[in-house]
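Where a number appears in this text, it was derived from the coordinates with a stated rule and is not lab data. Just so it is clear, the model here is predicted, and its values are computed rather than measured. Note: ideal-geometry Cβ built from the backbone for every residue, glycine included; neighbour counts use all protein chains shown.
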Amino acid sequence: MTQAIIKNVVIVIEQHFNDHTFTVEKLMTIMGYSRGYAWESIKNSLGASPLHLIETRRLIESLRYIAEGMCACEIHLQIGYSSSKSFRRAFKRRLGICPTECREMLKEETKIEQIEELKQKLKTKIKPLNFRDTE
């Protein structure tokens, strides 16, 4: 998969990650690829599935909202999850803590460093990829 195609995948995810109807199928339709071809190509190129990429982008964005003090019941609507339960489950699975624990942790003085550590934890399985990190 060429760098231009990978860049386009990232752009499409950036544009649509906060839409709860955005799925891998929609990503592939927008990109003009079959699910099977694109899934394998993206996974081989980036080391992560398209689903993992979408989830990673959503969870990176959630860190900003958590740092602002929002609760999961509000955040899931902003980042493309259809329910707060599915958001909390993904967050816990990927980061090992629930959003509430994360919000408490981020009340400390080292908030910026902790957010960066969590972002890196989300990106560990992905080869270098430039999602727009929100400040």
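Per-residue extension of 0.36 nm, minus the Cα-Cα distance of Arg35 and Glu117, leaves a gain of 26.3 nm for this segment.
Helix-only mean residue ellipticity at 222 nm, the chain, DSSP H runs n ≥ 4 weighted -39,500 (n - 2.57), per residue, nearest 500. What is it? Value at 222 nm, helices only: -21000 deg cm²/dmol. In this Cβ point-charge picture (+1 for Lys and Arg, -1 for Asp and Glu), the stretch 1-52 has a dipole of about 100 debye about its Cα centre. If each of Arg64 and Arg93 carries a label point 7 Å out from its Cα toward its Cβ, how far apart are those two points in nm? Distance between the two pseudo-spin positions: 2.4 nm.
By how many nm would the segment from Lys43 to Asn18 grow when fully extended, if each residue of separation counts as 0.36 nm and the alpha-carbon distance is taken off?
Difference between extended and current length: 6.8 nm.
Given the pairs Lys85/Lys123; Lys26/Lys92; Lys85/Lys121; Lys26/Lys119; Lys92/Lys119; Lys43/Lys123, which are separated by over 18 angstrom at their Cα positions? Cα-Cα > 18 Å for Lys85/Lys123; Lys26/Lys92; Lys85/Lys121; Lys26/Lys119; rest within. Backbone phi angles across the stretch 66-78, fed through the Karplus curve with coefficients 6.51, -1.76 and 1.60 (θ = phi - 60°), yield HN-Hα couplings of 5, 4, 7, x, 6, 9, 4, 5, 9, 4, 4, 6, 7 Hz in residue order; Gly and Pro are listed as x. Altogether, the Stokes-Einstein calculation at 20 °C and 1.002 mPa s, with the Kirkwood radius of the stretch 1-67 over Cα pairs as Rh, returns a diffusion coefficient of 177 µm²/s.
Could you calculate the contour length gain from Glu74 to Lys7, that is, 0.36 nm times the residue separation minus the distance between their Cα atoms, to one decimal place in nm?
Numbers: separation 67, 0.36 × 67 = 24.12 nm, distance 3.01 nm.
Length gained between Glu74 and Lys7: 21.1 nm.
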